[in-house]
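Please treat every number below as a calculation from the coordinates, not as lab data. None of these values were measured; they are calculated from a predicted model. Note: ideal-geometry Cβ built from the backbone for every residue, glycine included; neighbour counts use all protein chains shown.
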There are 2 protein chains.
Amino acid sequence: MSERFRQLSPSEFFYRNKEIAGFSNPARAVYQAVRELMENAFDATEMHGILPHITVQLKEDSEGRVFLAVEDNGIGISSLEVPNVFGRVFYGSKYVLRQSRGVFGLGVKMAVLYAQMTTGQPVKVRTATRRSKFIYEFEVMISIEKNIPVIKSIKVSKNNSGWHGTRVELVLRGNWSQAKKRVEEYVRRTALIAPYATIIFEAPDLSLKFERTMSKLPPSPVVGKPHPKGVDVEMLKMMIESTKKSTTLLEFLVGNFDGVGAATATKFCEWAGFDPNAKIKNLKNDEIELLASKMQEFSGWRRPKANMLSPLGEELLVEGVKAVLNPEFVTAVSRPPSSYSGYPFIVEVALAYGGAITSAEAPTLLRFANKIPLLYDEGVDVSTKVVRDKIDWRIYKVEFPAPLAIVTHVCSTKVPFKGVGKEAVADVPELESELEAGVRECARRLRLYLSRLEKQLEVKRWETTIRKYIDDVARSTSYVTGIDENLLRSKLYDLVRSKVARGGNR
Amino acid sequence: MSERFRQLSPSEFFYRNKEIAGFSNPARAVYQAVRELMENAFDATEMHGILPHITVQLKEDSEGRVFLAVEDNGIGISSLEVPNVFGRVFYGSKYVLRQSRGVFGLGVKMAVLYAQMTTGQPVKVRTATRRSKFIYEFEVMISIEKNIPVIKSIKVSKNNSGWHGTRVELVLRGNWSQAKKRVEEYVRRTALIAPYATIIFEAPDLSLKFERTMSKLPPSPVVGKPHPKGVDVEMLKMMIESTKKSTTLLEFLVGNFDGVGAATATKFCEWAGFDPNAKIKNLKNDEIELLASKMQEFSGWRRPKANMLSPLGEELLVEGVKAVLNPEFVTAVSRPPSSYSGYPFIVEVALAYGGAITSAEAPTLLRFANKIPLLYDEGVDVSTKVVRDKIDWRIYKVEFPAPLAIVTHVCSTKVPFKGVGKEAVADVPELESELEAGVRECARRLRLYLSRLEKQLEVKRWETTIRKYIDDVARSTSYVTGIDENLLRSKLYDLVRSKVARGGNR
């Protein structure tokens, strides 16, 4: 018996394997749909310099149908692109080197697919780009076998109010009551990390409103070039293919990579034993392989630029942590930019201790990636590996159970998520070591703080003991020396006070 | 600034997101490549009634290049299909309802992509189908942007020896020394679950040879139809589309679904309020939605057939567990077939206690899916959820730390893996409840065993106490009654013995 083979379209692949994209059960499907639409809403606003105003409405009927509508005040979607954006898997605007919440060109299509397979209903999209004279309304379904959109209806109306943005409506089978807790946590943590956004969330038994508390947006990330340290053979080949015939290796390096000037490129060629004037198109396969591995090894590249990224910054991180965890001690580290496989990234870590944090047998972990709160699959995240397995907290004077919380934020032009559901970050070595450095830096500060606390306690104990005997000592010394007892007592008290003030040091 | 959109090919998508397929670092890449090739080797043999003979050779050079070759004695691949099978993502033979290790049409392509991006080398394939007069040798690369194979060379030679099977060779950058431990565990556990296979594994510092210990293969799974309980609106629509115009609902149900005869179909139509003679092509969208939801709800369907599946069986499971864990107590349950989303599945659970199992704060878990050992991502697997979170082991007389191990084996025509790396199974409700039922059944048997142990201990204590006083009692009684002391003593000993023999019961 011979085998019969066939090709699946990307739509059919994800239709058959919806668990992979997070749609594994009716509760998780609701959570995932809310996430995907909200993350698109943020990308359409914040990333383009617009203060986000995002409205989410969720209803359910007695048959288990969930009606979900998410509206933003973003840049809108060109009417020519709407069908593909909602009806074609792997079609997207986010395949560039710039930090964004969405990356796979899959999330919203997956929600559309899930709606379609559980209720047979199309997605409804209402959108207008900035300064558009018209508002467009589409109903779109996906032709799964072909991975192409099917337009069920289009309506065009005059845009009299100057509105711009996108409203997306879906009808899917789901379990809202089971999804509620996680959705609420997701919305709250999203609001926490984006204090410049207004988020209104209305659903059965859950009504949330977060007004923006600041109206300054972080700088919008720009689209950049790949970093030379992160190339692979295939990437080099593709780049060389689209290069002119006369281009030299030097010109190729300077023209295509982040932060590579003529001086750096020359130094690299010398170090790696390549002729800078060699024509790039003449390199053979094994030379390209060598070039890639030398580029990965070379330590003389500049650190990648951070302008493709939009980190939170230490200040915002500390404020956020204070607001949510109300700890006794908090510190944050925003690491310098680094890169893996050509993608720049920044790791931010905050550590909070004591106060309202409950003691536990291991550190409490709050994970974020490109400002998305990650709530599922903690057990397999690189942050968990670093915080729970790699670090021996006793070195930092922490004995469990302890009231210790760690917040990690990975931002990158491509976060190495372990799955397209975007719930856990993979243990890419470069990222892991940056995370470890960040956590250890925070942990050292904690040790300092705890040492100081310990010292203070020690001094306190010493002071208490000394004070107990001061009267006796003053009296006896006065008797022996004839010096006035009150004077002696006051001198002795001064001594103790000044020693305590110096933290117990001589 | 408006957004620029573009479409990614499936190859490009996975090239950009290799972490999703398990290729997240140089060690994991080696592990994943070994897995994908070995699993294909099993599918090419065992699934087609051939006793597997699988050879794996792995070498490395000083530059970090890993040379991997896997050879099987399977059915081979038609020379027409070789390029697509190795060079086209989502192209496969396994998109049918039948249990197999591979399912995504992605694994081997991912390994080829990874080799190509790290060393620029093509995959080498040598293959012959059964009774083929020729042996074909290919070198294939992937055109990533187009998702089509590029044939670098073909060689055809006479097949004088009657050889059939496939040999695949890859060159990738990887870290063998870091991968070794996991790879060894993977090979060992694969051998354990397939005692009818011979596996020879040769690598630096690791040489494993497992000769088959039995030469009876489990029955090969057959290709089947979807179960009616697991349809969705989209599936129904696609099925209706490829149905003749004159087909009635009754004929449609009988002809397209697993285990649906005319009687069951009639009963269903009556219960659901559908006219069995209605032309299926005339159903409107909301009727199809209703039909899907009624089909999901109806409790009168037969359980899905198990002949698409290839479970291990309780006996093999018990033997396997004894061989590996050497416990004091072991029991296994093979649950009856069930289904989710139209896919039949069987859950098998074994429980082992005491003996060589070390005590731990939680049950030790060994997971398998379609005979694949799952080693990574335990923290997010549905088995972990059931065994660690849902079951209160005190009910079953287990107090932690305890020497308790649970083995789970999920087999299905489509295991709901959480990622294409096939490391964790999603918490699909139907599957979760079957797993829970299986674990609880085993746990009840453990409780019985532990109760009996307890009783025995109790009787033992009673016996010890009684024996201590038997001499005194015999002596005193003899004194009072005049009956011979030795006779009395022997009677009393008899009494104790018989009570102990009855397990302490009267």
- Message: Considering the Cα positions of the stretch A:305-506, please state its Rg to one decimal place and its Dmax as a whole number of Å.
- Response: 24.2, 85
- Averaged over residues of B:414-423, the number of beta carbons from other chains lying within 10 Å of each residue's Cβ is 5
- Query: Considering the zone a paramagnetic label at A:Asn307 would reach in this model (a point 7 Å from Cα along the Cα-to-Cβ line), which residues of the stretch A:239-267 have amide N under 20 Å from it?
  - Reply: A:253-265
- Message: Angle check, please: helix B:176-193 long axis (alpha carbons) against the longest principal axis of chain B (alpha carbons), in degrees 0 to 90, nearest 10.
- Response: 70
- Message: Measuring nothing but label to label, 7 Å from Cα along Cα→Cβ, what are A:Ser207's distances to the other copies in nm, shortest first?
- Response: 7.5
- By DSSP, what percent of the beta bridges with both residues in the protein assembly as shown are antiparallel, rounded to the nearest 5? 85
- Given the C-alpha centroids of the stretch B:301-344 and the stretch A:131-164, what is the distance between them in whole angstrom? 50
- Query: How much FRET efficiency would the formula 1/(1 + (r/R0)^6) give for B:Gln296 and A:Lys209, where r is the Cβ-Cβ distance and R0 is 30 Å, rounded to 0.05?
  - Reply: 0.20
- Task: Quick one: compute the contact order of chain A, relative version, from alpha carbon pairs under 8 angstrom and 6+ residues apart, as a percent.
- Result: 13
- Task: Any chance you could give the angle, 0 to 90 degrees and rounded to 10, that helix A:429-481 forms with the longest Cα principal axis of chain A?
- Result: 20
- Quick one: dipole size for the stretch A:228-297, taken about the Cα centre, charges +1 on Lys/Arg Cβ and -1 on Asp/Glu Cβ, in debye to the nearest 20. 260
- Query: Semi-axes of the stretch A:120-236's equivalent ellipsoid from the Cα gyration tensor, sqrt of 5 times each eigenvalue, largest first, rounded to whole Å?
  - Reply: 28, 27, 22
- Item | Number of partner chain Cβ atoms within 10 Å, mean per residue of B:140-153 | 1
- Give the calculated FRET efficiency between B:Ile200 and A:Thr247 to the nearest 0.05, with a Förster radius of 51 Å applied to their Cβ-Cβ distance. 0.55
- Treating every alpha carbon of the stretch B:7-61 as one equal point scatterer without solvent, the Debye formula yields log10 I(q)/I(0) values at q = 0.23, 0.25, 0.30 Å⁻¹ of -0.91, -0.96, -1.09
- Message: Which one, A:Ala21, A:Cys411, A:Gln7, projects farthest toward the positive side of the charge dipole computed for chain A from Cβ point charges (K/R +1, D/E -1)?
- Response: A:Cys411
- Task: Excluding residues on the same chain fewer than 8 positions from A:Lys267, give the aspartates and glutamates whose Cα lies under 19 Å from its Cα.
- Result: A:Glu251, A:Asp258, A:Asp275, A:Glu287, A:Glu297
- Contact order relative to length for the stretch B:232-320, counting C-alpha pairs under 8 Å separated by 6 or more residues, stands in percent at 35
- What is the fewest-to-most order of A:Arg167, A:Arg502 by other Cβ atoms lying within 10 Å of their Cβ? A:Arg502, A:Arg167
- Query: Given only helices, namely DSSP H runs of n ≥ 4 each adding -39500 (n - 2.57), what is the per-residue ellipticity at 222 nm of chain A, to the nearest 500 deg cm²/dmol?
  - Reply: -12000 deg cm²/dmol
- the stretch A:343-383, convex hull of Cα, quarter of hull surface, nm² -> 4.0
- Query: Which three extents, in whole angstrom, do the alpha-carbon atoms of the stretch A:304-365 cover along their principal axes, largest first?
  - Reply: 40, 24, 13
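From the alpha carbon gyration tensor of the stretch A:10-210, can you work out the equivalent ellipsoid semi-axes (sqrt of 5 times each eigenvalue) and give them in Å, largest to smallest? Write out the running numbers ahead of the final one.
Numbers: eigenvalues 103, 94, 55 Å².
Over the Cα atoms of the stretch A:10-210, the ellipsoid semi-axes are 23, 22, 17 Å.
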- Alpha-carbon radius of gyration plus Dmax, which is the widest Cα pair, for the stretch A:430-492 in Å: 22.9, 73
- Proximal lysines relative to A:Lys499, as straight alpha-carbon distance under 18 Å, when same-chain residues fewer than 8 apart are discounted: A:Lys455, A:Lys460, A:Lys468, A:Lys491
- Item | Copies compared at A:Arg6 - label distances in nm, ascending, label defined 7 Å from Cα in the Cβ direction | 3.1
- Task: Give me the Kirkwood hydrodynamic radius of the protein assembly as shown, using the inverse of the mean 1/r over all pairs of distinct Cα atoms, in Å to one decimal.
- Result: 32.5
- Query: Using a label position 7 Å from Cα in the Cα→Cβ direction, what is the ascending list of nm distances from B:Glu441 to the same site in the other copies?
  - Reply: 5.6
- Mind pulling the angle between the C-alpha long axis of helix A:26-45 and the longest principal axis of chain A? Nearest 10 degrees, somewhere in 0 to 90. 90
- Query: Counting Lys and Arg as +1 and Asp and Glu as -1, what is the net charge of the other residues whose Cβ lies under 12 Å from the Cβ of A:Gly87?
  - Reply: +2
- Message: So if I place +1 on the C-beta of Lys and Arg and -1 on the C-beta of Asp and Glu, and nothing else carries charge, what would the dipole magnitude of the stretch B:1-134 be about its Cα centre? I want it in debye, nearest 20.
- Response: 340
- Dimensionless Rg ratio for the stretch A:242-350, taking C-alpha atoms and the 2.2 N^0.38 Å reference: 1.51
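Let me know the charge dipole size of the protein assembly as shown about its Cα centre in debye, to the nearest 20, where only the beta-carbon of Lys, Arg (+1) and Asp, Glu (-1) is charged.
So the dipole magnitude of the protein assembly as shown works out to roughly 520 debye.
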- Taking the radius of gyration and the Kirkwood hydrodynamic radius from Cα positions alone, what is the Rg/Rh ratio for the stretch B:228-297, to two decimal places? 0.90
- Have a look at A:Ala191, A:Val108, A:Thr129 and report the one farthest towards the positive end of the charge dipole of the stretch A:10-210, computed about the Cα centre with Cβ charges (Lys/Arg +1, Asp/Glu -1). A:Thr129
- Message: Please return the longest range in chain B lying between exposed loop sites, taking GluC sites (Glu not before Pro), DSSP loop only, at most 14 other beta-carbon atoms within 10 Å, and leaving the sites out.
- Response: B:212-327
- On the formula 1/(1 + (r/R0)^6), with r taken between the Cβ atoms of A:Ser220 and A:Glu315 and R0 of 25 Å, the FRET efficiency rounded to 0.05 is 0.85
- Using only the alpha carbons of chain B, determine the length spanned along each of the three principal axes and report them from longest to shortest in whole angstroms. 107, 71, 61
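Quick one: which of B:Lys133/B:Lys155; A:Lys422/B:Lys414; A:Lys109/A:Lys152; B:Lys229/B:Lys281; A:Lys18/A:Lys180; A:Lys245/B:Lys18 span more than 24 angstrom between C-alpha atoms?
Distance filter (> 24 Å) returns A:Lys245/B:Lys18.
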- Taking 0.36 nm per intervening residue step and subtracting the Cα-Cα distance, what contour gain separates B:Leu457 from B:Phe134 on full extension? 109.3 nm
